[in-house]
Each structure stands twice: as C-alpha cells, then as structure tokens.
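Okay, structure first, notes after.
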Amino acid sequence: MTIAQTMQAAFIHKTGGIEEICVGELPVPHPGPTDVLVRMEASEVNFVDLFVRSGAYRTHTPFPFVIGRDLVGIVVEVGPGVEQFSPGDRVWCNSLGHDGRQGAWAEYAVVPDDRLYLLPTGVDTKQAAAVLHAAATAYIGLVREAKLTAGETIFVEGSGGAVGSAVVQLATAMGVRVIASASGKDSEWCQTCGAEKVFDYRREDLYEQVRAAAPRGINVWWDTSGRNDFTHCLPLLAPGGRAIVMSGLRGSDPVLPVGSLYTREITLQGFAISNATVVDLAAAAATINRLLAAGRLKARVGATYQLADAAKAQADMETHKVCGRIVVTP
C-alpha cells in the first residue's frame, strides 16, 4: 500500500496542562532496522498519559512528542531486521509514549519489534485497546511482584476501575479468591469480573467486613485507588503478606505503621509498568492474548473519541466524567 508523507497526530511541544495538546500534521515516521510501522486503529486514555503530558511523570519526551500509550492496529511496513511480523498483521503494543518512544495517538506509529504482539483472531479492536495497559499492569503486579499462587486470597481496593477490574480478572483466572471494594454502582461489574465479595468502599466498617470475610488474613492487598490506607490495611494481611503499591503519584501521603509491617513479615512492593522490561511485557502479553482469545478478559468502554478530540478525551479522564474506558480512534 502507498503510505502518505504526513499524518494526523495529537502531540505536545512542552509538558503542561490540557491546553498544551495540539492536533495537526506531522511527518509519517520511518521504521528503523528492528522497528515496525503500524497504522493505528484504536488506543485509549490512561492516567499515566496524563502524568507524562503534564510532566508529573518525568520521562524523555523529544518534542514534538506524540502522546498516548496503547495501540491496536495493522502492520504496514517492517524494518529489514524484523522477521516475526508482516504487512497486514493485526498487532498491539502497550508501551509507547515513554522513555523517548513516540506515542500512539497518531495515524501511524513506529513500534520496536520486541514491544509488539500479534492480536488473536476475532478479538474486538476497541475491547482490546481498552484492556491492554491495565491487564499488563495487573499481570506484572500479581506474578512478578506479589508472586500470587492459586488458593491465596487477595483484597483489591478500587476494583471498579481499569486496573482494579483487570486485577480481579487475572487473579480469578489464576485460581485466587478475590475480595474487593468498589462503589455501589460498580458492584455487579466487579462480580462479573470474578470477585467473590464486593464491599462498598464508603462503608465505615469496610475493613471489618474484609476481616470477617478473611478471618485468617489476606495474602495480598492491592489498592488501585491511590488512597493507600496502610494503617487499616496492613493489619488485614496474614503473616508473610504482600502489599502492592502502584498508585498515588499525586495527593497521597499516607502513614506507614512500621510495627505491623516488620512484626508480621509483610513486604511492601512498589512498581510502575513504565519500568517493565521487554521480558516482563512479553510474559504479560502471552497471558493477555490467551485470555483475550478465550473471551476471559474484558473492559467497559465508556466513550470513544477521535484524534481531533484528544484534549477532551484527556480532560474527561482527568475529571472522571466517563464511566468506563475512553478509547481513541484516528
């Protein structure tokens, strides 16, 4: 196929507020020897996209910098050193827009071949785009960090959100008992994802309810909401339990009760998927593809915006205006 010389893209010339997002023409990038040029069909909005755009998450952003992390699309050109992909392949990536890699919110994107994966046949493009980043985060947190095993119990706070519901789904697929908290309107969704019990996070007796549901203690606590209430939650963990920290970049300054931490041999493990190695991401991709192909990994798509509405898409994510994932298409 003939590839145009220019493309529509959403990009920034400097980090800052929503007003820094521009939508216009940029040259179509050329793949290097081990790169793949992909025509974007769908992406989504993640909170990390907002942090990179604003400068809250410091990373190399060569300007003009195309924003956006995830991509589902069609291969149109491969570098001479690429053997595993061919033009026409449906593929996905969830690690663009970071560490100098240009982002996904453009008609075309260059992806290193070791960060690109085939999309299983029959998987819906928007559904895939909506779940990729959250599912990879869930996998790395559960497998690499928490070392979760079948038969254990996990308490997921904020399970109605993208990462929270992905954690519930992957933990359930691993044979783990899931207790969760969410808003009342998200309770049914979380149960659909596999949570055995879902408690309203507004309840004053929330943690007493969790203790009653797991009297021997939980093995893993994962708070995706960013509240990170260590004072109440560390005592809920069984000896040798693990607390996963991956949210709260802004506005979170929790108290850490060190007594509960060391006397119960609890480990506090923080991670960011942006730092994941290509080996980590490939392992996550294998599980994600298996679950996508089996129809066992899903997301709620709340709205779909085009590239022209990139600023609105990020603004609506920032203000929690949309219930469900925000998908972006060309």
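The numbers here are math on the coordinates, done by the rules we state, and not lab data. What you see is a predicted model; the values in this text were computed from it and never measured. Neighbour counts run over all protein chains shown; Cβ positions are idealised from the backbone, glycine included.
When the helix-only estimate is applied to the chain (DSSP H runs of n ≥ 4, each -39,500 (n - 2.57), divided by the residue count), what is the mean residue ellipticity at 222 nm, nearest 500 deg cm²/dmol? Helix contribution divided over all residues of the chain: -7500 deg cm²/dmol. The packing ranking, built from the mean of other Cβ atoms within 10 Å per residue, places the peptides 200-208, 26-34 in the order 26-34, 200-208, highest first.
Computed over the alpha-carbon pairs of the stretch 131-274, the distance histogram in 5 Å steps reads 2, 11, 22, 26, 23, 13, 4, 0 percent, short to long.
Normalise the Cα radius of gyration of the stretch 44-138 by 2.2 N^0.38 Å (N = residues in it) and let me know the number.
In units of the globular-protein estimate, the stretch 44-138 measures up at 1.08.
Taken as Cα centroids, the stretch 92-150 and the stretch 14-34 sit 19 Å apart, rounded to the nearest whole angstrom.
Translational diffusion of the stretch 98-162 was estimated from the Stokes-Einstein equation, with Rh taken as the Kirkwood radius over Cα pairs; at 20 °C and 1.002 mPa s the coefficient is 144 µm²/s. Computed 3J(HN,Hα) for the stretch 6-19, one whole-Hz value per residue from the Karplus formula 6.51 cos²θ - 1.76 cosθ + 1.60 where θ = phi - 60°, is 10, 8, 7, 8, 9, 8, 10, 9, 7, 6, x, x, 3, 5, glycine and proline marked x. Centre-to-centre separation between the Cα atoms of the stretch 253-324 and those of the stretch 202-230: 19 Å. Computed over Cα pairs, the Kirkwood radius of the chain leads via Stokes-Einstein (1.002 mPa s, 20 °C) to a diffusion coefficient of 105 µm² per second.
One chain, two ends: Thr231 and Ser260. Fully extended at 0.36 nm per residue, the span grows by 9.6 nm beyond their Cα-Cα distance. Packing-based ranking of 72-78, 302-308, 38-44 yields 38-44, 72-78, 302-308, ordered from highest to lowest mean Cβ neighbour count within 10 Å. Residues Thr137, Thr61, arranged from fewest to most other Cβ atoms within 10 angstrom of their Cβ, appear as Thr61, Thr137.
In straight-distance terms, cross-link reach from Lys298 covers every one of the lysines whose alpha-carbon lies under 20 Å from its own, apart from those fewer than eight places away in the same chain; here that gives Lys126, Lys185, Lys197.
The residue list Gly73, Leu291, Ala56 was ranked by how far each Cα lies along the charge dipole of the chain toward its positive end, using unit charges on Cβ atoms, and Leu291 comes out on top.
Each of Thr121 and Glu25 was given a label point 7 Å from its Cα along the Cα-to-Cβ line. The distance between the two points is 4.0 nm.
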